[in-house]
Amino acid sequence: MNNNKVLLSLGSNLGDRQQNLLNVIKYLVNYNILQDIQLSNIYETEPVGEKNQGQFLNMCLSGFTNMSALNLINTLKNLEVELGRIDRGKWMEREIDIDILMYEDIELKEEKLELPHPRMHERKFVLFPANEIESQMIHPIFNVDISQLLKDCKDDSEIKIYEY
């Protein structure tokens, strides 16, 4: 299989939030899951949905993988568990959350994975860091690049660079 370009979103609002993000990157590099990785800055953001929880740290990364999209999502979900994620339900706090935002220009609707991510265009905490590293990546459904998605995004939540 060819190297496929993938864009991921990482988030954490429990435990050592920054270390949780770094552990994902370390794993992806050490196990050669992604090559030629580009990293955004880390941002501190408001929670979505359930507001009564701590601020998130979010970032995006892109790279190339030889894994299929379904194999990659299975690997990432297993990694979340390995890194201590406990399922508390939708919109709840989490040790780590890893989402595939885009995988090449593939459109996919499976139980475990929908590509591109169905709500990425509505979320500034995703688009802001994604725009930093992949502003020209074209969303296969809307047929515009990430920089345009960010300009069009109606999300007015606060996002600020994380000072560590």
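Each value in this text was obtained by applying a stated rule to the coordinates, not by laboratory testing. Quick caveat, the model's predicted, so the values are computed rather than measured. A quick note on method: Cβ atoms are made from the backbone with ideal geometry, for glycine too, and the neighbour counts reach across all protein chains shown.
Just so you know, the Cα atoms of the chain work out to an Rg and Dmax of 14.7, 44 Å. For the range 61-143, dividing the convex hull volume of the Cα atoms by the residue count gives 111 Å³ per residue. Overall, the chain carries a charge dipole of about 160 debye about its Cα centre when +1 sits on the Cβ of Lys and Arg and -1 on the Cβ of Asp and Glu, all other atoms neutral. Using a simple spin-label model with pseudo-atoms 7 Å out from Cα toward Cβ, GLU107 and VAL81 lie 3.2 nm apart. In straight-distance terms, cross-link reach from LYS112 covers every one of the aspartates and glutamates whose alpha-carbon lies under 17 Å from its own, apart from those fewer than eight places away in the same chain; here that gives GLU80, ASP87, ASP97, ASP99. First measure r as the distance between the Cβ atoms of ASN3 and ASP155, then evaluate 1/(1 + (r/R0)^6) with R0 = 25 Å and state the FRET efficiency to the nearest 0.05. For ASN3 and ASP155, the calculated efficiency is 0.20.
Once you keep just the Cα pairs under 8 angstrom separated by 6 or more residues, what percentage relative contact order results for the chain? Present the calculation step by step, with values, prior to reporting the outcome.
Values: 312 pairs, mean separation 48.0, N = 164.
It comes to 29 percent, rounded to a whole number.
Along the range 86-103 the Karplus relation, 6.51 cos²θ - 1.76 cosθ + 1.60 evaluated at θ = phi - 60°, assigns HN-Hα couplings of 10, 6, 10, x, 4, 6, 8, 4, 8, 5, 7, 9, 10, 10, 8, 7, 9, 9 Hz to successive residues, with x for each Gly and Pro.
Taking the Cβ-Cβ separation of TYR164 and SER135 as r and a Förster radius of 30 Å, what is the calculated FRET efficiency to the nearest 0.05? Before the final figure, lay out each step's value.
On the way: r = 24 Å, r/R0 = 0.80.
Efficiency, rounded to the nearest 0.05: 0.80.
Placing unit charges on the Cβ atoms of the charged side chains and taking the dipole of the chain about its Cα centre, the candidate lying farthest along the positive direction among SER9, ASN143, ASN32 is ASN32.
How do GLU114, GLU82 line up, fewest other C-beta atoms within 10 Å first? Walk me through the numbers on the way to the answer.
Numbers: GLU114 14, GLU82 11.
By the 10 Å Cβ count, ascending: GLU82, GLU114.
Every helix of 4 or more DSSP H residues in the chain counts as -39500 (n - 2.57), and over all residues that averages to -8500 deg cm²/dmol at 222 nm.
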